[in-house]
Amino acid sequence: MIKYLEFRIFAETPPSKKAAGLFSDELRLRINDTYITECGKDRANFLFIEDSSLSKDSYSIVCTDEKTTVYASGIRGFIFGIGMFLRKIEKVGNYIYLTEDISGNYTPDKVIRGHQIGYRTTPNTYDAWSYEDYRRYYLDMMFFGSNTVEHIPYENGVSKRNRLMKYDEEEFIVNASAMADEFDLDVSVWHPNNDGETVEFAVERRRKLYEKMPRLNVVFPPGGDPGELQPEEFVLRCREIAKAAKASHPDCQMWPSAQQPHSIHDWGIRFIGEMEKLPDEISGVIIGPNRAFPIDELRRRLPAKYPMRLYPDITHNVRCEYPVHFDRNDWHFALTTGLSRECTNPRPREYRLIHRLTRPYVIGSVSYSEGITDDVNKAVWADMDFFPDCDLNTTLLDYCRLFFFGADARKIADSILLLELSWQCDPAENPSIDNNLRIYDELSVAYPFLNKNWRFLQLYMRAKCDWVLRHRRLFELDLIRKASKKIRYGKIDEAKTILLTEFDENYKKIRNDITDLAKKLFDLIGLQSDIKNYCADNWERGAILETIDLPITDRKWLLGKIDSAAETSDPVGYMQKILDRNKVDGDEYYFSVALNGLEQCGVDQTGEIYMNFQGDRPNVNDGSMPTCMFKVYDNLTFRCKIGGLTADCDYELKVTYADRKIDSHNHKITVNGVTIYEGPQFGGETDEEFDKTMLCDGFVSASYAIPKNILVNGCAELELSEPEMGVMFTEFVIRKKR
């Protein structure tokens, strides 16, 4: 094992001297600067040597007992080499040790490796940053091999600057591109088209900005999300904008995305038609959320002339391209409610799978990010772009040694993996959540310096959030069980008293810790955990304090129903019906997307499922919605295999739909292949009393007859379909016709 008592650094060319300065700065953040000196080549034990035979994305390292030499052809490669060294060192006593021999030649697998870090109001962090914060983050990303940063000009042609932002957005881009150029980082701009602008106006507005930018390598106009341009006009604009960009940046490339506007159903086919004309102004095509085609189909359709770049969403958890457990959509509704769309979300195992599924089709990626809550994911994804078969444990250990120098890297790496595993099931059934919080508590005490480290504190806050959701759910489910017994015996007042029981002091303390950590994180790095105090753009933009206390059981819903029961002539009977809302006999069937999950359907769903989750919406989950309605399934089709029905009995199917009116006459329901309804949206029989009592605003039910002659020995294969806008439902029940 190679060890260093001091660092005697040599460099002689401008790029290598700049690298040596950066390296010294990084060492001083970790060790006493009396151990760091510059010296001549003969005395040096750490050397930066230029090697013109290497590409600017490659580097070499040679380690011996006497010295370490980093070879590169420019500052970019040197920074990559510095990152590799810093990822592999630990301090033991007075010595710095390399944990392994890092000698070798390093060449990345993917040509494009980067992250979008747009300075605008939407992110949960970036808009609070200074230029120095960005400079720091540039280096942090480069230490994991990133060679591209993506910025965002005015999205709608005008500034939307908020009270946190120190600079005008486009003034910032000019200076940020200069900082990127200092590190030889490629600069991409995500620059959407604006509906209502003429081509000439759009081009001229962009030309003025691009001329000011010291560096511009790529322009990325999304086809949709946002934008509603017809594909022919979209491609025309891309070609004209490309010419304008090249006027000031001759090597700038145009990379439009095949993201489809929702209102133009044939956009993808027509876009491919334009690309088949082989416009030279376009260098490649990006695939991202709201894509016109799955990645393999786009690659087959797109002319071979054009490479593809991935725009992976590594920042969102729900209502997104890759929701938690994207391949099965079973993230528990309690976690989804409390943590919402942009909480701290290390998902290394899942993103490894996504990377493996997508990497054969693309030459690289620039991730979609809205702040630092996905920081672990950035490092993991970038490392896989550089080293496609890297080991996750190795990457996480590197991350921990780099950013938590002096702490137990293995313990923190394991705790990061445990944060992902904490999301595997109902938190009430996952005691590993408690174990993981104990680990973070121990780390906080053992290494006090971590309590000023924003990366550690956001992981710590996530562990506390998981704990709060688990224990609130355990506590409230127990109250509901006890209260339900009282209601069965007609003791509604006693049931209400039980449901109003307060949390214990330990729960209150840990919940208060989350609020305290939110303030620390805002002060340290600008993480915006609520709207009022920290200027979050809205509740789903990492504003964890807006969602962490929302209902995750039916406790509040039942309390509301008890109040409603008091206004009826038969409160006990009313509450009995409430408790029996989802109850069925043994030869009947109830299914809730939230409570049961798609895995209980007995058949894989086809198409791209969008789970329009409702539980984390503060204006919806206000106590008026039972948890069984939290998940709205949205897809062109839904299928479910059902058994145990009585063969010689007529049944009735009742479906609860999201009341989103569309002009459709293609709503179709079949049972065992036999159509039981086809026609306008929903159709069927209405049940006004059920809708009023059991549903909340924005939902309706419809009932359909299932004749006994179409059942097959008590079995039914149900299919709901709508070929354009899809079926949007949250639950259904099949009961005997009475």
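The values are calculated or read from the model by the stated rules, or taken from the named source; none is laboratory data. All values derive from a computational prediction rather than experimental measurement. Here the Cβ is made from the backbone with ideal geometry for all residues, glycine too, and neighbour counts use every protein chain on show.
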Just one of (1) in the same structural domain as N45 (by TED's automatic domain parsing); (2) over 26 Å from V362 (Cα atoms) trips up P123, so point out which.
(1)
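Do we have any residue at all in the range 483-502 that's among the basic types (K, R) and buried (at least 18 other Cβ atoms within 10 Å of the Cβ)? Reasoning before the result, please.
In the first step, residues of the range 483-502 are kept if they are among the basic types (K, R); the result is 485-486, 488, 491, 496.
Filter once more, so that each one left must be buried (at least 18 other Cβ atoms within 10 Å of the Cβ): 486, 496.
Checked against the condition, which is being among the basic types (K, R) and buried (at least 18 other Cβ atoms within 10 Å of the Cβ), the range 483-502 yields at least one hit.
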Which of the residues that make up the range 683-738 are within 24 Å of D604 (Cα to Cα) and part of a loop (DSSP other than H, G, I, E, B)?
L711, N713, G714, E722, P723, E724, M725, G726
Which one of I531, I562, I544, I525 is at pLDDT 95 or above and touching a Lys or Arg at 6+ places or on another chain (Cβ under 8 Å)?
I562
Just to be sure before I move on: is A247 surrounded by fewer than 17 Cβ atoms within 10 Å (Cβ to Cβ), at pLDDT 95 or above and either on the phi < 0 side of the Ramachandran plot or in a helix (DSSP H, G or I) (or both) in the structure I sent?
yes
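Let's see how each residue does on (1) over 30 Å from K17 (Cα atoms); (2) in contact (Cβ under 8 Å) with a residue 24 or more places away in the chain; (3) crowded, with 19+ Cβ neighbours inside 10 Å:
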site: T99; (1), (2), (3): no, yes, no
site: I102; (1), (2), (3): no, yes, yes
site: K110; (1), (2), (3): no, yes, yes
site: E132; (1), (2), (3): no, no, no
site: F144; (1), (2), (3): no, yes, yes
site: I152; (1), (2), (3): yes, yes, yes
site: R163; (1), (2), (3): yes, yes, no
site: D186; (1), (2), (3): no, yes, yes
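Any residue at all in the range 276-294 that's assigned to a helix (DSSP H, G or I), surrounded by 15 or more Cβ atoms within 10 Å (Cβ to Cβ) and either at negative phi or over 29 Å from the mean Cα position of the chain (by Cα) (or both)?
The first filter runs over the range 276-294 and keeps only residues assigned to a helix (DSSP H, G or I), leaving none.
The answer is no, given that none of the residues of the range 276-294 is assigned to a helix (DSSP H, G or I), surrounded by 15 or more Cβ atoms within 10 Å (Cβ to Cβ) and either at negative phi or over 29 Å from the mean Cα position of the chain (by Cα) (or both).
Filter the range 56-77 for residues that are assigned to a loop (DSSP other than H, G, I, E, B) and touching a Gly at 6+ places or on another chain (Cβ under 8 Å); which is farthest from D181 (Cα to Cα)? Even if it seems obvious, please write down each step before you answer.
Let us first name the residues in the range 56-77 that are assigned to a loop (DSSP other than H, G, I, E, B), namely 56-58, 64-67, 73-74.
The next check asks that each one be touching a Gly at 6+ places or on another chain (Cβ under 8 Å); those that pass are 56-58.
Values: K56: 13, D57: 14, S58: 18 Å.
Only one residue tops the list, namely S58.
Here is a yes/no grid of residues against (1) of a type outside the set (D, E); (2) touching a Gly at 6+ places or on another chain (Cβ under 6 Å):
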| site | (1), (2) |
| --- | --- |
| V219 | yes, no |
| G223 | yes, no |
| L229 | yes, no |
| E232 | no, no |
| L236 | yes, no |
| Q260 | yes, yes |
For D385, work out the one condition from (1) in contact with a strand residue (DSSP E or B) (Cβ under 8 Å, 6 or more places away or on another chain); (2) part of a helix (DSSP H, G or I); (3) over 21 Å from M142 (Cβ atoms) it doesn't fulfil.
(3)
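Can you pull out every residue in the range 690-723 that is free of Cβ contacts under 8 Å to residues at least 12 places away in the same chain and of a type in the set (K, R)? Break it down into steps so the answer makes sense when it comes.
Step one: list which residues in the range 690-723 are free of Cβ contacts under 8 Å to residues at least 12 places away in the same chain, which gives 691-692, 709.
If the condition is that a residue be free of Cβ contacts under 8 Å to residues at least 12 places away in the same chain and of a type in the set (K, R), then K692 is the only one that fits.
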Helices (runs of 4 or more DSSP H) (entirely within the range 453-530) containing at least 2 residues that are hydroxyl-bearing (S, T, Y):
454-488, 505-525
Every listed condition ((1) closer than 30 Å to V149 by Cβ; (2) out of contact with any Cys (no Cβ under 6 Å at 6 or more places or on another chain); (3) at pLDDT 95 or above) holds for C390 save (3)
Restricting attention to the range 132-150, which residues are part of a helix (DSSP H, G or I) and either in contact with a Lys or Arg (Cβ under 7 Å, 6 or more places away or on another chain) or modelled with pLDDT under 95 (or both)?
M141
Pairs where the first residue, in the range 225-249, is over 17 Å from W190 (Cα atoms) and the second is aromatic (F, W, Y), C-beta under 7 Å, 6+ apart:
P231/W267; P231/F271; S248/Y210
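Counting just the residues of the range 1-16 that are out of contact with any Ser or Thr (no Cβ under 9 Å at 6 or more places or on another chain) and in contact (Cβ under 8 Å) with a residue 12 or more places away in the chain, which one comes out surrounded by the fewest Cβ atoms within 10 Å (Cβ to Cβ)? Don't jump to the end; show me each part of the working.
Our first condition is that a residue be out of contact with any Ser or Thr (no Cβ under 9 Å at 6 or more places or on another chain); within the range 1-16, this holds for 3, 5, 11-14, 16.
Next, from what is left, pick out any that are in contact (Cβ under 8 Å) with a residue 12 or more places away in the chain: 3, 5, 11-13, 16.
Numbers: K3: 13, L5: 10, A11: 23, E12: 13, T13: 12, S16: 22.
Applying the filter and picking the extreme gives L5.
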